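Beneath this line is the structure, given in structure tokens, with notes to follow.
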Amino acid sequence: MSDAALLAAEGISKSFDQTLALDGVDLKLDPGEVHALLGENGAGKTTLANVLAGIYRPDAGVIRTPGGVVSAQSPREAIAAGVGMVHQHFRLAEALTGAENLHLGWSDTPRFAGPRLLAERTDRICEEYGLKVDARLPVWQMSVGERQRLEILRVLVRGARVLMLDEPTAVLTPTEVDGLFDALRKLAAAGRSVLFVSHKLNEVLEISDRITVLRGGRVEATRSAASTTAAELARLMTGHETPPGAPRGARPGDAAVLEVEGVSVRGSHGRRALAGVSFAVQEGEILGIAGVSGNGQTELAEVVTGLRTPEEGSVSVDGEQLGGASPRRFAAAGVGYIPADRMATALAGSCSVLENAIVRDYDRPPLARYGMIDRGAARRFTAELVAEAGVRGADDIGAPVSILSGGNQQKLVAHREARMARRLLVACLPTRGLDVAAAHAIRNKLLERRGAGAGVLLISEDLDELLELSDRVLVLYEGAIAGEFSAGGADRDRIGIAMGGGLRPAGAPAAA
Amino acid sequence: MSRPGFRLQRRTTAARHQAAAVKVVGALAALLLAGIVLQLSGRPTLDLASAALDYNLGDWFGIEETLLLAAPIVLGALAVYLCFRIRLWNIGIDGQMSMGAVASAAVGLHVDGPEALMLAAMVVAGALGGALWALIPGVLRAYFQINEIITTLLLNLVALQIVVYLSVTAWADGGVSLRSTSPIPYEVPMLSAGLDVGVLVPLLVAGVLALVLGRSRWGYETTIIGANARAGEAAGMSVRRRIVLVMMASGAIAGLSGMLQVAGRLHVLSEDVAANTGLYGFIVAALAGASIVAIIVVGVLIAMLLHSGISLATDGVSTDVVVAVYGLILLLASLGEVAARYRLIPRRRSRPAE
């Protein structure tokens, strides 16, 4: 099995400025195997994949492929050596069709080709690889799963023998995940090799033949999936046993913190994003909102934090009608917001850690003083928040917040918002991309708000997390509530079906 | 394939002093380049340079002239800088200056009163005139997403026509000058024979700006909105209103500068009020980066260069040379700024020989 490895990396090291991201990593990919690369955030998984894909140049090390030694200097050379990558964030031209995206920048694209020829070629290619993509549909109208299949096809047609996927399931419904896994198994069976980058233990155990665990830029171990357990992998990933979950407090109270009634709103694209959504969050309750991204979650979060004005319906906090009020009014009512995209909505990247830390508190004592900001108080406040949130890399609170790692940025935002969320904390994908310890800290923070009598609206695609934390789970599908489940006896499969639109209740509006 | 030598690596952050050093090197290189061109075209560069220095610093008169030129340039740069803080490009300094001048000239020419009171009224009118002129692009940008670069630039031309109309027809002097109004009867007090109190105003404005932007809640909000408007909005700040207010504050600074021209150096309203101050101010703000102190220093240096150009015209050197040199400085300094984001590191062995 080992002689004919499709890719063998030896002693790969890579550092960014002072940080050693990869330290002498060895990795071998055999034909016919699905090989998982498992590790916490910051363990070096994505860096390694990027080195193999020719996006980063290694500082040291060799990469061998059947064609000889390559040290890919560019993605183009890597793909020529048969190594292709599907990125976590898709790199598709949204306005172009599936066929156009597939043929973009591909040397086999006929020089003079009309839309019909491209579409026909695409149909043939889809059939050949068994991956279904609508050649004639613009990408922006495709589901996430379809976009991913298109990305995979793009890599395969360019001759990839090694297919690398970075966190491919992060955005998929359970059904779509099953479809992806089938496709990956078929590709492996055809003699290719799949490198599956993930930090989700169960998935990795399900799909892979072998698992390489990275920790702190080094290979911790390589195991065959058959001979290991989730517990062992977790220990290898973190270096310690996983901490126990925080104890759940009392049952939710009776008073509603947040009441949403018949809210309809259009999204930024002008399409109807929410259609007559009604629900309430009680005091001391975590209400989970499940659903695949793009089904109205962002708009829902924006409506209940003042960032978007509902066209119909009402939003009230503690009985006070706030629909369409400014974010400042919502903040004054004690509503905090952890958005899904922290760099776009929660942080000003070029501003300092301090400037970002005080953004919810600068306008009241002790920080505010006669229209000025008390710099000493601001420094103390920031140091306290940074310590409480366990943010690493922020020794200099005057440094730009963008130099913190994603996980540490998220911790800063989560704790900042939880602090001011006296009544309601709206959290979108609050632990996405975080390592186990950081995610744990943030989950505890949500439970702590719940215990303190605040309501929590938890919007997530991660069913495990939703079921672990929520008292109730609502499923949002195409802007309407497609099911309500109590977390206690919730049926994962039924939630999964609802997320995919299979449980649309009578009377709910059809897709636009 | 593994070449020996050095390779470029991108830095994650460029240190401030490095960025500054690179800009200084760029500026010096631009001067050197201009000198070489002058030399090649048959002019003794070194003689010209020493003459230029002499014009600027040789006597008190030269220093006064330089400072008089520097004051509006620094004010313009401060106005541009204020807009930079919220990621707005105010190309309309000339127009706002002109309208400030118009407003203060209107007060000065048509209202009578004690000198001190009238000067105060002219200051208010000037700032208001500039602010209202900047209100137009501010509102268009904040509420209709119309690019402020275009609107401020085009409004300059409108403002210029208004000044020309008023100074040549409506408020024209009865025959003494064809191009300007009659003299404004109120004058900014003099510091010395050639300098009026106006040259101190840029320092005052710089101090206020440093305090407001660096220490106040208003400045903090402006900084956050400039860095990420959406994050500011999510935190409860009113982004649109702030865009309008910053634009107006910037216009007020320019308008004040216009008032200082009509009540100071020019004594009249004429189309010379703005005199490309916006362009020079923009160059200064771009070169100085995020430092108010640097704006003052660079502003004076740019004024020296401008004064040299005007003086050297008597030696047969076209004043266009100065504008060309500005362009070179800006170009090379910008290139330097990009270069500062990289560093040369020795090429390490990335793989063994085949």
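The values are calculated or read from the model by the stated rules, or taken from the named source; none is laboratory data. None of the values given here were measured: they were computed from a predicted structure. All Cβ positions, glycine included, derive from the backbone under ideal geometry; neighbour counts span all protein chains shown.
Among the strands (runs of 3 or more DSSP E) contained in segment A:455-502, which hold 2 or more residues that are within 20 Å of the chain's Cα centre (by Cα)?
A:455-460, A:472-477
When only residues in segment B:338-354 that are at pLDDT below 75 and farther than 17 Å from residue A:13 by Cα count, which is nearest to the other protein chains (Cβ to nearest Cβ)?
First, the residues of segment B:338-354 that are at pLDDT below 75: B:340-354.
Checking the rest, the ones that are also farther than 17 Å from residue A:13 by Cα come to B:340-344, B:353-354.
Details: B:340: 15, B:341: 13, B:342: 13, B:343: 10, B:344: 15, B:353: 10, B:354: 6 Å.
Here the residue is B:354.
Out of everything in segment A:325-344 that is within 22 Å of residue A:311 (Cβ to Cβ) and crowded, with 24+ Cβ neighbours inside 10 Å, what residue ends up being farthest from the other protein chains (Cβ to nearest Cβ)? Explain how you work it out, then say what you get.
Let us first name the residues in segment A:325-344 that are within 22 Å of residue A:311 (Cβ to Cβ), namely A:325-330, A:333, A:335, A:337, A:339.
Checking the rest, the ones that are also crowded, with 24+ Cβ neighbours inside 10 Å come to A:330, A:335, A:337, A:339.
Numbers: A:330: 8, A:335: 10, A:337: 6, A:339: 7 Å.
Among those that are within 22 Å of residue A:311 (Cβ to Cβ) and crowded, with 24+ Cβ neighbours inside 10 Å, it is A:335.
Take the residues in segment A:178-215 that are small (Gly, Ala, Ser) and within 20 Å of the chain's Cα centre (by Cα), then tell me which one is surrounded by the fewest Cβ atoms within 10 Å (Cβ to Cβ).
A:179
Taking segment B:230-241 as the search range and keeping residues that are free of Cβ contacts under 8 Å to residues at least 12 places away in the same chain and surrounded by fewer than 23 Cβ atoms within 10 Å (Cβ to Cβ), which one is farthest from the chain's Cα centre (by Cα)? It would help to see each step written out before you state the result.
To start, the set of residues in segment B:230-241 that are free of Cβ contacts under 8 Å to residues at least 12 places away in the same chain comprises B:230-236, B:238.
Of the ones still in play, those that are also surrounded by fewer than 23 Cβ atoms within 10 Å (Cβ to Cβ) are B:230, B:233, B:236, B:238.
Numbers: B:230: 29, B:233: 30, B:236: 32, B:238: 28 Å.
Among residues in segment B:230-241 that are free of Cβ contacts under 8 Å to residues at least 12 places away in the same chain and surrounded by fewer than 23 Cβ atoms within 10 Å (Cβ to Cβ), the one farthest from the chain's Cα centre (by Cα) is B:236.
Would you confirm whether or not segment B:176-195 contains a residue that is in contact with a Lys or Arg (Cβ under 8 Å, 6 or more places away or on another chain), closer than 26 Å to residue B:112 by Cα and not in a loop (DSSP other than H, G, I, E, B)? Working first, answer last.
Looking only at segment B:176-195, we keep the residues that are in contact with a Lys or Arg (Cβ under 8 Å, 6 or more places away or on another chain), and these are none.
Scanning segment B:176-195, I find no residue that is in contact with a Lys or Arg (Cβ under 8 Å, 6 or more places away or on another chain), closer than 26 Å to residue B:112 by Cα and not in a loop (DSSP other than H, G, I, E, B), so the answer is no.
Working only within segment B:196-229, note down all residues that are out of contact with any Cys (no Cβ under 9 Å at 6 or more places or on another chain), within 13 Å of chain A (Cβ to nearest Cβ), among the hydrophobic types (A, V, I, L, M, F, W, C) and surrounded by 22 or more Cβ atoms within 10 Å (Cβ to Cβ).
B:225
Out of (1) away from every other protein chain (no Cβ under 12 Å); (2) in contact (Cβ under 8 Å) with a residue 60 or more places away in the chain, the odd one out for residue A:347 is which?
Residue A:347 satisfies all of (1) away from every other protein chain (no Cβ under 12 Å); (2) in contact (Cβ under 8 Å) with a residue 60 or more places away in the chain except (1).
From the list B:327, B:281, B:289, pick out the single residue that is buried (at least 20 other Cβ atoms within 10 Å of the Cβ) and either among the small types (Gly, Ala, Ser) or modelled with pLDDT under 75 (or both).
Being buried (at least 20 other Cβ atoms within 10 Å of the Cβ) and either among the small types (Gly, Ala, Ser) or modelled with pLDDT under 75 (or both) holds for just one of B:327, B:281, B:289, which is B:281.
Tell me, yes or no, whether segment A:408-420 has at least one residue that is surrounded by fewer than 23 Cβ atoms within 10 Å (Cβ to Cβ) and not in a helix (DSSP H, G or I).
no
Take residue A:175 and decide whether it is surrounded by fewer than 18 Cβ atoms within 10 Å (Cβ to Cβ) and in contact with a helix residue (DSSP H, G or I) (Cβ under 9 Å, 6 or more places away or on another chain). Show your work before the answer.
Values: surrounded by fewer than 18 Cβ atoms within 10 Å (Cβ to Cβ): yes; in contact with a helix residue (DSSP H, G or I) (Cβ under 9 Å, 6 or more places away or on another chain): yes.
Criteria met by residue A:175.
When the residues of segment A:265-322 are narrowed to those that are within 14 Å of chain B (Cβ to nearest Cβ) and part of a loop (DSSP other than H, G, I, E, B), which ends up surrounded by the fewest Cβ atoms within 10 Å (Cβ to Cβ)?
Here the residue is A:268.
Which one is farthest from the other protein chains (Cβ to nearest Cβ) among residues in segment A:352-403 that are among the small types (Gly, Ala, Ser) and under 18 Å from residue B:231 (Cβ atoms)?
A:389
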